[in-house]
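Structure, as structure tokens:
Laboratory data are not the source of any read-out in this text; all were calculated from the coordinates shown. Quantities reported herein were computed from a predicted structural model and do not represent experimental measurements. With ideal geometry, Cβ positions are generated from the backbone for all residues, glycine too; neighbour counts draw on all protein chains shown.
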């Protein structure tokens, strides 16, 4: 097993006893990649205090042999969950931990049927995710590059904006440019929203054409070396009104306040409150309808969350988005988003595109 993967697995194994389990069933592809480097799409990873077993199917056995070392690979016979269930008692896994939010009822029933009364299942949440939340230097290097790539693509997309262009044309160009520049794909379905549709925080591209005097929200991310980035920029086609300029100024100040509040040891709720406090001063807090940000890594939404009331403390190695926004039905919305890495004594904004208000 690669040194980094072995270290991660060892840290997880140390958590098993504290959670009163003998075996953890890892059922998320992102989690088993993090622990072992396996990039297959089907499987169950059994992690005990003494070893790691991957159950997968015949489509991925060659791939597993190439990607894994120090991991026992078992070919499923009648489904990965039934096979994994039969293995649990043999590996002294009589107390097995599962993450209920990652299993369907059918999968859990297959496990129980295979184990009978020999295994007691215990619900555990977030063991691997807690490890993934703090990135090591190699992960941060990948995320830095992914953020720079996304920044370059959003700047290119802004240059394409002109009257008459359609939302899905810009979205198609974004995803083409991501791959052309080396990404394995988009981190999520790109958001391109013109005019009143910019009031929809998760708008999906349509055939709407860009008209004069309209807001444009562009939200995109790259997957580079398995790691995600996420950036949003808002621009205006035409000459913006004083009201639009004021909204943009408020969002930019809210984002700056949140970024300033980010440091090792700060609570996630306090970072969220910093953004909301600025918007409240502008009497715009009711127009901010989502959380300030989320963790980022192998998946585009990870721990920790920058949200109201969150007590989790930020730690060195966390990477979070900071994305306050305001939204007005019938008019549009404004959101500015950047990726921020937490270090022991400083923070680092990974995304590089200008935050200045752009009128085209």
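On full extension, the segment bounded by residue 75 and residue 105 gains 8.5 nm, given 0.36 nm per residue less the C-alpha separation. Please grab the % of Cα pairs in region 137-349 that end up more than 20 Å from each other. Of the Cα pairs, 55 percent sit more than 20 Å apart.
Sorting the segments 212-218, 148-154 by their mean number of nearby beta carbons within 10 angstrom, highest to lowest, gives 148-154, 212-218.
Helix 80-90 axis versus longest C-alpha principal axis of the chain: approximately 50°, rounded to the nearest ten. How high is the relative contact order of the chain, in percent, with contacts defined as C-alpha pairs under 8 Å that are six or more residues apart? Relative contact order here is 14 percent.
Cβ-Cβ distance of residue 7 and residue 125, R₀ of 25 Å, FRET efficiency by 1/(1 + (r/R0)^6): the value works out to about 0.65.
For the chain, the longest principal axis of the alpha carbon atoms and the long axis of helix 105-115 meet at an angle near 20°.
Classification of region 196-290 by its C-alpha gyration tensor yields an oblate form. The axis ratio a/c (a ≥ b ≥ c) is 1.5 or more, and b/c is at least a/b. Here region 3-131 is treated as a sphere whose radius is the Kirkwood value from Cα pairs; by Stokes-Einstein at 4 °C and 1.567 mPa s it diffuses with a coefficient of 90 µm²/s.
The angle between the Cα long axis of helix 167-180 and the longest principal axis of the Cα atoms of the chain comes to about 50 degrees, rounded to the nearest 10.
If packing is taken as the mean number of other Cβ atoms within 10 Å per residue, what is the order of 53-64, 69-80, highest first?
53-64, 69-80
When peptides 270-278, 329-337, 157-165 are ranked by their average number of other Cβ atoms within 10 Å per residue, the highest-first order is 270-278, 329-337, 157-165.
Each Cα pair under 8 Å and six or more residues apart adds its sequence gap; the mean of these over the residue count of region 137-349 is a relative contact order of 21 percent. Of the beta bridges DSSP finds with both residues in the chain, what % are antiparallel, to the nearest 5? About 80 percent, rounded to the nearest 5. Cα centroids of region 1-73 and region 145-186: how far apart, whole angstrom? Comparing the Cα centres of region 1-73 and region 145-186, I get a distance of 35 Å.
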